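S.K.: For reference, the structure I am asking about is given below.
The values are calculated or read from the model by the stated rules, or taken from the named source; none is laboratory data. Model, not experiment: these values are computed from the prediction. All Cβ positions, glycine included, derive from the backbone under ideal geometry; neighbour counts span all protein chains shown. Heads up: the accessible areas ignore ligands, DNA and RNA and are worked out on the full protein's heavy atoms, side chains in. Shrake-Rupley method; radii C 1.70, N 1.55, O 1.52, S 1.80 Å.
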Amino acid sequence: MPSPAQASPTLPPVLAELVAYFEPFSTVRRDFRGVVTLHTPGINVLALNASYLPEDAGDVLPLVRAWHLAQDAPPLVASTSAVTGEDVGGLRVGTFTPVPDPGVIVVEQVSRLHLTTWAGVLAEAYGAAEWEGALAQHFAKPLEDDPTSVLLMAYAGGEAIGSLLWRDLDVQGAAHLWGTLDPAADAPLLNAAAELSGGHVRASLPDTSPLHLADAKIVGFTLLT
């Protein structure tokens, strides 16, 4: 058995949570000296194409970068501490509790038959509408007969304006993949996810969101240079 000094570092809990949520939808998982890499060629979701770093990962970063480049993939890392490179976005990850909303936005649980529409709204929400087909095809197989995942969609006047993937992780609901075409749908969509979770849900919010998360941790995505 390795001594404590020799043991591989572990991921911060918030990063381990993200890995648990996204791993079923990744093509490859790689574990290397405490770094967990999810690699999913042909899919543009950042969290599915990143190396999640333990604390004090500086000495391993050149090797992580080399591995990504060898796969012809951007050397993207996710971390809870500062990493030298190009900042490509940050998330607040924490616990969301429902907030009042006027009830104008309708949120429904939809079947896998609506996966193409769900993926289309998600892709458009991130400014990548052309990814609709690829996302729908990619998520179809892992979601098939998966009792731990639920697709939610938000509607305004019958028009789909929000998509969210809710997952039940160890009796804790999580909503780390979602997007809306109108910020007015953010709270209703997360409220519905919280209701599925029994009152609150673990969620990721962009830095710019005005919504509140309890016990939030910042996760940054950085391209290694």
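S.K.: Testing Lys217 on (1) surrounded by fewer than 19 Cβ atoms within 10 Å (Cβ to Cβ); (2) touching a residue at least 40 places away in the same chain (Cβ under 8 Å); (3) over 30 Å from Trp67 (Cβ atoms); (4) touching a helix residue (DSSP H, G or I) at 6+ places or on another chain (Cβ under 9 Å), one condition comes back false. Which one is that?
M.R.: Evaluating Lys217 over (1) surrounded by fewer than 19 Cβ atoms within 10 Å (Cβ to Cβ); (2) touching a residue at least 40 places away in the same chain (Cβ under 8 Å); (3) over 30 Å from Trp67 (Cβ atoms); (4) touching a helix residue (DSSP H, G or I) at 6+ places or on another chain (Cβ under 9 Å) leaves (3) as the failure.
S.K.: Would you confirm, using the coordinates I've provided, whether Ser197 is of a type outside the set (A, V, I, L, M) and closer than 14 Å to Phe25 by Cα?
M.R.: Numbers: of a type outside the set (A, V, I, L, M): yes; closer than 14 Å to Phe25 by Cα: no.
So Ser197 fails the test.
S.K.: Kindly evaluate Pro54 against the criterion of being part of a loop (DSSP other than H, G, I, E, B), in contact (Cβ under 8 Å) with a residue 40 or more places away in the chain and surrounded by 17 or more Cβ atoms within 10 Å (Cβ to Cβ).
M.R.: So Pro54 fits the description; yes.
S.K.: Shifting gears a bit: In region 77-172, which strands (runs of 3 or more DSSP E) lie fully inside it and hold 1 or more residues that are without any contact (Cβ under 8 Å) to a residue 60 or more places away in the chain? Don't jump to the end; show me each part of the working.
M.R.: On the way: elements: 86-96, 106-110, 149-156, 159-169.
Here the list reads 106-110, 149-156, 159-169.
S.K.: Something else about it: Collect the residues in region 184-213 that are more than 19 Å from Leu15 (Cα to Cα), open to solvent by less than 10 Å² (accessible area, probe 1.4 Å) and within 17 Å of the chain's Cα centre (by Cα), keeping them in residue-number order.
M.R.: Passing the criteria: Leu189, Leu190, Ala193, Ala194.
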